[in-house]
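See structure below.
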């Protein structure tokens with residue numbers, strides 16, 4: 001349910017003009033709706049009992065890495081949307097931070113590319 005939902009949001013908002021496609025607010029709204037439902041389920045079920053990672057282990061699994069990296073793509077859309085979409089999900093925010101801390105410096109190195117892409121798109 002969750003993997004690649006962020007791609008829908010990013011592709012149909014800020015990346016659409018790059019590929020000579022029109023913006024698609026309906027697709028973005030549908031992607032946000034699916035993302036919110038998935039984040040809610042993640043928060044209430046997968047991260048229940050304040051488990052640091054999806055499988056309840058003390059280190060991230062492949063599932064954690066894939067899903068956190070997918071969610072991080074929303075940062076391309078902007079901090080306002082990031083805060084609006086992720087703000088209600090404190091456990092998800094902590095899970096992202098746990099995954100980041102467990103995989104650094106590699107996590108930050110990889111996501112530096114997202115930051116650079118965002119800057120290029122803004123220019």
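If only residues of region 89-111 that are free of Cβ contacts under 8 Å to residues at least 40 places away in the same chain and not in a helix (DSSP H, G or I) are counted, the one that is farthest from residue 57 (Cα to Cα) is 105.
Annotation note: of 35, 86, 39, the sole residue that is within 11 Å of the chain's Cα centre (by Cα), within 25 Å of residue 119 (Cβ to Cβ), surrounded by 20 or more Cβ atoms within 10 Å (Cβ to Cβ) and modelled with pLDDT of 90 or more is 35.
The values are calculated or read from the model by the stated rules, or taken from the named source; none is laboratory data. Just so we're clear, the structure is a prediction, and the values are computed from it rather than from any experiment. Neighbour counts are summed over all protein chains in view; Cβ atoms, including those assigned to glycine, are modelled from backbone coordinates with ideal geometry.
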